[in-house]
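All of the numbers you see were taken from the coordinates with simple rules; none came from a lab. Note that this is a predicted model, so its numbers are computed, not measured. Every residue, glycine among them, receives a Cβ derived from its backbone with ideal geometry; neighbour counts consider all protein chains shown.
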Amino acid sequence: MINKISKFINGLFSRIFGKKKNLKLGLYGPTNSGKSTLANRISKDWLGEEMSKASRVPHETREIIIKEKIEVKSKGKSLIFNLVDTPGIATKIDYEDFLRYNMTKKEAKQRAKEATKGVIESIKWLDSMDCVLVVLDSAQNPYSQVNITIIGNLAARNIPVLVVANKIDIKRANVKKVEDAFPQYDVVGISAEYGHNMEEFYNALFKVVK
């Protein structure tokens, strides 16, 4: 009888104080850094299907997209989470920037409106994240205003962060520069498009999500 009570109490404590169910893993970063490409890579690796639409046009993702119950396994460990792909963060959105992509003025203005709403939603969702992957283009300047804005918002919250230096397949990519820019966080270099260094990425993810 005592053993049964002990097991019940242990189980109760485990349910109350154990790891959260529906762990939320958020993908954040500036536009065209490869967030959706990474989301697709993770989803294809473990579920065999894509979850987001990737495009060279900025702000292709303008709404929160969630893929539930992705289980990642690495070196005998297992991690289950809901992957949240967020709209790209930008400090300025001008409809005229979309005109170069063969959009009409009406289409460009609508996209800019949706993109602005998406940025606001991305920031709002930060407070519900259990871990954040900051996806940066390693071939671009890591000290940009938008990157500083993203990191600043994360610094104000007690959220585990892994910086993903994406696009290492590009010749001018510089992972070391990203590491120097954000020494307070772990940085892993990958190519989400070609799948380079994904094993290192998953290993790094396990270290950050404890």
For the residues Ser144, Ser138, Ser78, what sequence is obtained by ranking on other C-beta atoms within 10 Å, fewest first? Ser78, Ser144, Ser138
Would you mind checking the tilt of helix 35-47 against the longest principal axis of the Cα atoms of the chain, expressed as 0 to 90 degrees and rounded to 10? 40
For Lys69, go through the aspartates and glutamates and keep the ones whose alpha-carbon is under 17 Å away, minus same-chain ones fewer than eight residues off. Asp45, Glu49, Glu50, Asp85, Asp130
Dividing the helical contributions, -39500 (n - 2.57) per DSSP H run of n ≥ 4, by the residues of the chain yields a 222 nm value, nearest 500 deg cm²/dmol, of -12000 deg cm²/dmol
Take every Cα pair under 8 Å in the chain that's 6+ residues apart, average their separations, divide by the length, and report that relative contact order as a whole percent. 21
Suppose R0 equals 22 Å; then what is the FRET efficiency for Ile66 and Lys44 from their Cβ-Cβ distance, rounded to the nearest 0.05? 0.85
Give me the angle, in degrees from 0 to 90, between the Cα long axis of helix 145-155 and the longest principal axis of the Cα atoms of the chain, rounded to the nearest 10. 20
Taking max minus min of the Cα coordinates of region 21-208 on each principal axis, largest first, gives extents in Å of 53, 33, 33
May I ask for the angle, rounded to the nearest 10°, between helix 198-208 and the longest principal axis of the chain, with both axes built from Cα atoms and the value confined to 0 to 90°? 60
Listed residue (Thr104, Leu38, Pro160) projecting farthest to the positive dipole end of the chain, Cβ model: Pro160
